[in-house]
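The values are calculated or read from the model by the stated rules, or taken from the named source; none is laboratory data. Nothing here was measured: the structure is a model prediction, and the numbers come from that model. A quick note on method: Cβ atoms are made from the backbone with ideal geometry, for glycine too, and the neighbour counts reach across all protein chains shown. To get the accessible areas, we keep the full protein, side chains included, count just its heavy atoms, and leave off ligands, DNA and RNA. Shrake-Rupley method; radii C 1.70, N 1.55, O 1.52, S 1.80 Å.
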Amino acid sequence: MAAQSVVLTPDGTVAPPPARPVARTSNLRLSVTTVLVGINVGVFVLMALTGASIVQPTTQQLVKWGANTGPLSLGPQPWRILTSNYVHIGIIHIFFNMWCLLNLGALAERVFDRWTYVLVYTASGLAGSLASLWWHPMVIGAGASGAIFGLAGALLAALYLGKFPIPRAALRGTMKSLVMFAGYNLLFGLVPGIDNSAHIGGLLGGAALGAFFSGHLTQPAEERQRWRTYATVGTAIIFLIAFEMLKKQYALPPK
């Protein structure tokens with residue numbers, strides 16, 4: 001039982017404790033996972049409302065909405081490396097991706113703080129897009145799977161390497177589930193038409209960030225912010241170098 005101070009009234013009885021203010025604003029803050037799912041679903045709905053097929057969008061429709069493709073992404077429109085993570089190729093594609101994001105995101109919300117989560121998700125998606133451009137620059141790439149694989153990799157590395165105030169045995173089931181998720185989906189990704197290069201790129205990028213943050217997850221907010229700044233700057237430099245190397249390697253003319 002927590003220690004409490006006791007206040008007596010003039011007649012000798014115990015006075016009730018003062019009412020504590022209710023932090024109403026904290027209950028109104030959306031989770032990172034909710035925001036990410038909302039953005040993905042919002043883009044899909046807008047695509048459908050503007051005439052894109054909800055079952056099998058055409059390549060022209062995907063490119064119009066920001067899909068990843070070498071001649072444009074490595075040319076005049078590099079922003080596609082990011083936007084392609086929020087474009088999906090039909091309702092089945094977005095359904096399974098969002099289902100995975102909701103499940104992994106619930107765990108990520110407990111392991112990482114909000115901005116670390118955002119950094120891991122975004123950087124993993126970029127890593128997946130760059131890996132896809134490296135492997136097959138002429139293929140149209142889209143979807144959140146690179147970022148989602150990155151979340152799995154980051155969580156696995158953080159839980160395996162981090163020091164948490166709970167027994168290691170309590171984490172084994174979660175880590176096993178993460179390994180099975182990554183392994184099964186990489187195996188499923190061998191099916192033609194699935195961009196496994198984006199999955200692998202996102203997974204490795206996320207695992208690297210998870211390992212980097214693993215020793216700082218339980219530190220004070222100021223210390224976590226400092227290490228997050230290091231990670232952001234370092235990741236940006238690595239991505240810029242990788243992007244320039246890909247541009248020189250392929251030197252693709254714009255369509």
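If you check G141, G105, G146 for being under 11 Å from the mean Cα position of the chain (by Cα) and within 22 Å of F239 (Cβ to Cβ), only one passes: G146. Report, by residue number, each residue of the range 49-86 that is among the hydrophobic types (A, V, I, L, M, F, W, C) and open to solvent by less than 40 Å² (accessible area, probe 1.4 Å). Those that are among the hydrophobic types (A, V, I, L, M, F, W, C) and open to solvent by less than 40 Å² (accessible area, probe 1.4 Å): A52, L62, V63, A67, L72, L74, I81.
Would you check if S124 is under 28 Å from T69 (Cα atoms), buried (at least 24 other Cβ atoms within 10 Å of the Cβ) and free of Cβ contacts under 8 Å to residues at least 60 places away in the same chain?
Details: under 28 Å from T69 (Cα atoms): yes; buried (at least 24 other Cβ atoms within 10 Å of the Cβ): yes; free of Cβ contacts under 8 Å to residues at least 60 places away in the same chain: no.
It is false that S124 is under 28 Å from T69 (Cα atoms), buried (at least 24 other Cβ atoms within 10 Å of the Cβ) and free of Cβ contacts under 8 Å to residues at least 60 places away in the same chain.
Which residues, counting only those in the range 223-255, are at pLDDT 95 or above, open to solvent by 70 Å² or more (accessible area, probe 1.4 Å) and either outside any helix (DSSP H, G or I) or more than 16 Å from G70 (Cα to Cα) (or both)? Across the range 223-255, the qualifying residues are Q225, R226, Y230, V233, I237, I238, I241. Return the pairs, sorted by first residue and then second, in which the second residue is surrounded by 13 or more Cβ atoms within 10 Å (Cβ to Cβ) and in a loop (DSSP other than H, G, I, E, B), the first residue lies in the range 25-39 and is of a type in the set (A, V, I, L, M) and at pLDDT 95 or above, the beta carbons are less than 9 Å apart, and the residues are 6+ apart or on different chains. Once the first residue is of a type in the set (A, V, I, L, M) and at pLDDT 95 or above and sits in the range 25-39, its partners that are surrounded by 13 or more Cβ atoms within 10 Å (Cβ to Cβ) and in a loop (DSSP other than H, G, I, E, B) give V32/F112; L36/A144. Summed over the range 203-220, residues that are closer than 14 Å to V120 by Cα and either open to solvent by 40 Å² or more (accessible area, probe 1.4 Å) or part of a helix (DSSP H, G or I) (or both) total 11. Might you check whether a residue that is free of Cβ contacts under 8 Å to residues at least 60 places away in the same chain and in contact with a Phe, Trp or Tyr (Cβ under 6 Å, 6 or more places away or on another chain) occurs anywhere in the range 103-111? No, every residue in the range 103-111 fails to be free of Cβ contacts under 8 Å to residues at least 60 places away in the same chain and in contact with a Phe, Trp or Tyr (Cβ under 6 Å, 6 or more places away or on another chain).
The set of residues from the range 161-202 being open to solvent by 50 Å² or more (accessible area, probe 1.4 Å), assigned to a helix (DSSP H, G or I) and free of Cβ contacts under 8 Å to residues at least 40 places away in the same chain comprises A169, A170, R172, K176, S177, V179, M180, Y184, L187, F188.
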